[in-house]
1. Considering every residue within the stretch 66-87, establish whether at least one is assigned to a loop (DSSP other than H, G, I, E, B), of a type in the set (S, T, N, Q), touching a residue at least 24 places away in the same chain (Cβ under 8 Å) and open to solvent by less than 40 Å² (accessible area, probe 1.4 Å).
2. Cβ-Cβ below 8 Å, separation at least six or inter-chain, first residue in the stretch 1-21 and at negative phi, second among the hydroxyl-bearing types (Ser, Thr, Tyr): which pairs?
3. Are any residues in the stretch 96-120 surrounded by 15 or more Cβ atoms within 10 Å (Cβ to Cβ) and farther than 20 Å from PRO64 by Cβ, and if so, which ones?
4. Every residue in the stretch 193-209 that is more than 15 Å from MET134 (Cα to Cα) and not β-branched (Val, Ile, Thr), please.
5. For the list (1) under 19 Å from the mean Cα position of the chain (by Cα); (2) within 30 Å of TYR17 (Cα to Cα), I need the number of the one condition that SER262 fails.
6. Can you find a residue that is surrounded by 13 or more Cβ atoms within 10 Å (Cβ to Cβ), over 18 Å from the mean Cα position of the chain (by Cα), under 30 Å from ILE210 (Cβ atoms) and of a type in the set (Ser, Thr, Tyr) anywhere in the stretch 225-248?
7. Checking LYS309 against (1) basic (Lys, Arg); (2) surrounded by 11 or more Cβ atoms within 10 Å (Cβ to Cβ); (3) under 29 Å from PRO88 (Cβ atoms), only one condition comes out false. Which one?
8. Give the residues of the stretch 182-202 that are within 20 Å of PHE7 (Cβ to Cβ) and open to solvent by less than 10 Å² (accessible area, probe 1.4 Å), sorted by residue number.
Amino acid sequence: MLYILVFLALIVLESGYFRLADRFGIVDCPCGASADVAPTVRGGGVIFYFSVVLFFIISDWQYPLFVASLTLVALVSFIDDIRDVAIPLRLVVHFMAVALLFCQFGLTAMTVAPWIIVCAMIVGVGIINSYNFMDGINGMTGAYSLVVVLSLALANTAIGFVDFELIWFVGISLGVFCLFNLRRHARCFAGDVGSVSMGFIVLFMLLSLIVKTGDVTYLVFLAVYGVDTVMTLVYRLIHGENIFRAHRRHVYQRLVDESGLSHLTVAGLFSCLQLAISLGTLFLPVNKWVYLTVVILVLSIGYICLTYKMRGIQPPDA
């Protein structure tokens with residue numbers, strides 16, 4: 001009954017946000033960096049944040065520093081959906097939020113070597129922004145995040161690193177979002193507030209798992225996103241492109257633009273690939289470091305092969 005009520009509450013909140021967004025013009029219009037063809041409500045992923053707030057209230061204020069840091073990044077990201085926020089300011093806020101998140105786990109310079117803290121913060125901010133970079137076609141953020149949350153739920157069943165209610169609430173919010181986004185003509189996009197918030201939520205759960213087990217190879221749960229993001233960044237640097245400029249160089253974008261595959265087909269392929277990888281690390285009797293290395297190598301080679309195959313057609317920049 002609780003989950004049904006949460007589902008209904010999030011439906012109401014999402015519908016209410018649509019009305020506000022339509023009224024105040026919070027919409028995305030087609031441009032060179034957009035994968036859609038008609039104006040669509042921006043920021044529908046705000047319900048990811050709402051789901052955590054609902055959990056926070058119902059759980060008697062559990063994980064306060066996590067919720068505070070999530071509120072910080074969600075607020076700045078929502079402002080960015082309405083008006084552009086300077087990249088340096090966004091990054092400062094992201095680093096502040098990740099630092100606050102680390103405090104939730106007691107990860108400070110007093111308990112962990114400073115160089116480890118610095119490296120972990122860079123990776124954490126990278127994960128948040130990777131989620132934002134990969135939010136470019138209908139269904140991608142919703143479907144891929146459902147796979148990640150499912151993987152974390154399976155791990156939580158065996159290890160118990162986070163309150164299962166949080167996983168359920170976030171999973172329900174993803175289901176609600178997919179009702180409006182996982183379709184040919186999306187009713188809404190996640191927006192920065194959605195993609196960044198989901199990236200931060202996933203970061204919290206993943207960090208909980210890593211702190212509990214001491215096993216950083218669980219980063220494999222984000223292998224597909226990670227490799228596409230890093231390889232695209234390297235590709236653009238090699239070609240002398242401005243990495244802060246809007247683009248359509250990611251493999252998933254080029255598969256839509258140049259191979260003629262639909263948004264939902266590409267989102268499904270990426271999600272299924274990540275699901276197979278995640279299930280492998282959870283259930284295959286292999287060395288996890290070897291598995292992670294092989295996964296990264298195979299995905300990187302696949303990226304290079306696909307990029308080489310599609311090199312003859314260059315998608316336009318914004």
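1. To start, the set of residues in the stretch 66-87 that are assigned to a loop (DSSP other than H, G, I, E, B) comprises 83-86.
Pick out the ones that are also of a type in the set (S, T, N, Q) and you get none.
Within the stretch 66-87, none of the residues are assigned to a loop (DSSP other than H, G, I, E, B), of a type in the set (S, T, N, Q), touching a residue at least 24 places away in the same chain (Cβ under 8 Å) and open to solvent by less than 40 Å² (accessible area, probe 1.4 Å).
2. What qualifies is VAL6/SER51; LEU10/SER51; LEU10/SER173.
3. Across the stretch 96-120, the qualifying residues are ILE117, ALA120.
4. Here is the first cut: in the stretch 193-209, the residues more than 15 Å from MET134 (Cα to Cα) are 201, 203-209.
Passing the criteria: LEU203, PHE204, MET205, LEU206, LEU207, SER208, LEU209.
5. (1)
6. Scanning the stretch 225-248, I find at least one residue that is surrounded by 13 or more Cβ atoms within 10 Å (Cβ to Cβ), over 18 Å from the mean Cα position of the chain (by Cα), under 30 Å from ILE210 (Cβ atoms) and of a type in the set (Ser, Thr, Tyr), so the answer is yes.
7. (3)
8. CYS188, ALA190, GLY194, SER197, MET198, ILE201
The values are calculated or read from the model by the stated rules, or taken from the named source; none is laboratory data. Just so you know, these numbers come straight off a predicted model, no measurement behind them. Counting neighbours? That spans all protein chains shown, and the Cβs are built from the backbone with ideal geometry, glycine included. With ligands, DNA and RNA removed, areas are computed over all heavy atoms of the protein, side chains included. Shrake-Rupley method; radii C 1.70, N 1.55, O 1.52, S 1.80 Å.
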